[in-house]
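Below is one structure; the comments refer to it alone.
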Amino acid sequence: MNSKFSISYLQQHKAALGYWAGMVFFVVVIIGLTYVANRLYQKLMSAQEMPISTLQISGHRAYSTDSEVQQALSELSDNESFFSLDVSRVQQQIEQVPWIDSAAVRRRWPNGLSIHIIDQDPVALWNELSLVNSKGEIFTAPRARLRRELPSFVAPNEVPKEVLSGYQALLPLFESEGLVVKRVELTERQSWQLILGDGTRLILGRENTVIRNARIERFLRVYKHLIPNDKSIDYVDLRYDSGFAVNWNTEPGDKASNEQG
């Protein structure tokens, strides 16, 4: 009886020792893996171990400069590594550069950063102080970099897309006659006026695009035959269904004249 009890006790003791040895080994393995993982994480997140040392800038850029992009990046932490860098934050930082419309930022293994930039596409001045792009969005940027003369839009800040759309609809009408639209004005009451390159003001009123353009076409058909050699137009009122009124520029001391077309 005692012999059987001793054997059973030894077997149980041996099983217990095996269990606890296994548990100790498991814990040691977990601690070791945790240590290795932590060391690897620290290495990957260390700016000294995994620095970003190369920068590639590409894209459609007519106005922004490399120095502006680098200046935007310099405001980020110097402690960022290849893996710790927040590319979304980098993108936001770059898109704050005035002449940049959008940016796409990607990591390039093993230590590089790739930035694809699209600059703003300005189509007009906006209320003398800002600009409007080809998407009808208002933005502010140094106007000294403009490479061509732009028309001027004067309108409430809530309607840049409407003004751009109206301008683009009427522009081919004037270009076909060799005329330049220098300024577009839209009042708070949605009344349109245009100023041409020669200073002629066209009063268009509050009609929709179809009616507005039809009246412009009617005027342009006779525009070149309308101006005598000794006169120039001050303004043309196109708010008539069957014609238009012309006010001529006059010499000092003379009275302005009107003519119904």
When restricted to GLU162, GLU207, GLU158, the only residue loosely packed, with under 15 Cβ neighbours inside 10 Å, out of contact with any helix residue (DSSP H, G or I) (no Cβ under 7 Å at 6 or more places or on another chain) and not assigned by TED's automatic domain parsing to the domain that holds HIS60 is GLU158
Restricted to the stretch 208-223 and to residues being of a type in the set (Lys, Arg) and in contact (Cβ under 8 Å) with a residue 12 or more places away in the chain, the residue farthest from SER242 (Cα to Cα) is ARG212
For the stretch 117-134, the count of residues that are surrounded by 13 or more Cβ atoms within 10 Å (Cβ to Cβ), in contact (Cβ under 8 Å) with a residue 12 or more places away in the chain and within 26 Å of THR187 (Cβ to Cβ) equals 10
Here is a check on your reading of the model: is LEU186 surrounded by 13 or more Cβ atoms within 10 Å (Cβ to Cβ) and over 20 Å from the mean Cα position of the chain (by Cα)? yes
Listed by first then second residue, the pairs whose first member lies in the stretch 169-181 and is outside the structural domain of SER134 (by TED's automatic domain parsing) and under 11 Å from PRO151 (Cβ atoms), whose partner is at pLDDT below 95 and of a type in the set (A, V, I, L, M), with beta carbons under 6 Å and at least 6 positions apart or on separate chains, are none
Exactly one of LEU113, LEU85, LEU73 is more than 29 Å from GLY197 (Cβ to Cβ) and in a loop (DSSP other than H, G, I, E, B), and that residue is LEU85
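The values are calculated or read from the model by the stated rules, or taken from the named source; none is laboratory data. If you're wondering where the values come from, they're calculated on a predicted model, not measured in any experiment. Neighbour counts are summed over all protein chains in view; Cβ atoms, including those assigned to glycine, are modelled from backbone coordinates with ideal geometry.
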